[in-house]
1. Using a 10 Å cut-off on Cβ atoms, rank the peptides 43-51, 149-157, 16-24 from the highest mean neighbour count down.
2. Can you tally the net charge around Gly21? Count Lys and Arg as +1, Asp and Glu as -1, for every other residue whose Cβ sits under 14 Å from the Cβ of Gly21.
3. Apply the Karplus parameterisation 6.51 cos²θ - 1.76 cosθ + 1.60, with θ equal to phi minus 60°, to every residue of the stretch 145-160 and state each ³J(HN,Hα) to the nearest whole Hz, in sequence, with x for glycine and proline.
4. If we count every other residue with Cβ under 14 angstrom of Lys155's Cβ, Lys/Arg +1 and Asp/Glu -1, where does the sum land?
5. For Val101, enumerate residues with amide H under 5 Å from its amide H, sequence gap 5+ or separate chain, H modeled in the peptide plane.
6. So, counting K/R as plus one and D/E as minus one, what does the shell of residues with Cβ under 15 Å around Asp103 add up to?
7. Can you pick out the pairs among Lys35/Lys155; Lys42/Lys150; Lys56/Lys150 whose Cα atoms lie more than 18 Å from each other?
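Read-outs: derived from the displayed coordinates by stated rules, not from any lab. Computed from a predicted model, the values in this text were never measured in an experiment. Cβ coordinates were reconstructed from backbone atoms using ideal geometry, including for glycine residues, and neighbour counts include every protein chain displayed.
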Amino acid sequence: MGNIFSGSEIVEMAVEIEKNGRDFYDKVSKSLKDKNIKHIFKYLADQEEKHINVFKGMLSAVKKYEPSEAYTDEYFSYIKALSEEHVFTKKKKGKEIADTVKDGEKAVELGLGFERDSILFYYEMKNFVLKSEHNIIDGLIKEEQMHLKKLSLLKRRYYA
C-alpha cells in the first residue's frame, strides 16, 4: 500500500493513546490500597502527561498530510480500521478499563499489555510513513519502552 500515513497522524494517535494511558494509570493509582503500587501508577500517569506534551510538540515539527480528494473517504476508513485495533486509541477507554481493576497485579498486567501493544503499534506504523519520519516514530517507541521497563520491574518485585 505504500506510504499511507504521515508522522503527524501517528503522533496524533499517540496523543490519544497517551491520554488513555494517563487516565488508566491515574484512576488505578486512586483505587488501589497498596501505597507502593499507588505511587508507581501515579508516577506513570504523570509520565503519560509529559509524553502527551512531548508528542504534541512533535506535531509542530511534522508536516500535515492531506490525501487527495479522490481518496479521502477510503483513506480515513483505512486509518480508522488500523487505529481501532489498539484499545487505547478509543476515547475514554483508559478510565473504562481502570474500572475493571480490582488489585495491583491485574493493574500491572494490563499496563504491561497496553505498553507492549503501543510499542508494536508504533513499529507496525513505521511501515506506513516516509523514511524521513521514522525518527519521530522511534521517539514514540523509546517513550513506551521506558514504561514497559518500569512495569516489568514492578511485576518482578511484587508479583513474581
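1. 16-24, 43-51, 149-157
2. Within the 14 Å Cβ shell, the charges total 0.
3. Once θ is set to phi - 60°, the couplings for the stretch 145-160 become 4, 4, 5, 4, 4, 4, 5, 4, 4, 4, 4, 5, 5, 10, 10, 6 Hz.
4. Around Lys155, the charge tally is +1.
5. The answer is none.
6. Here the charged neighbours net out to +4.
7. Lys56/Lys150
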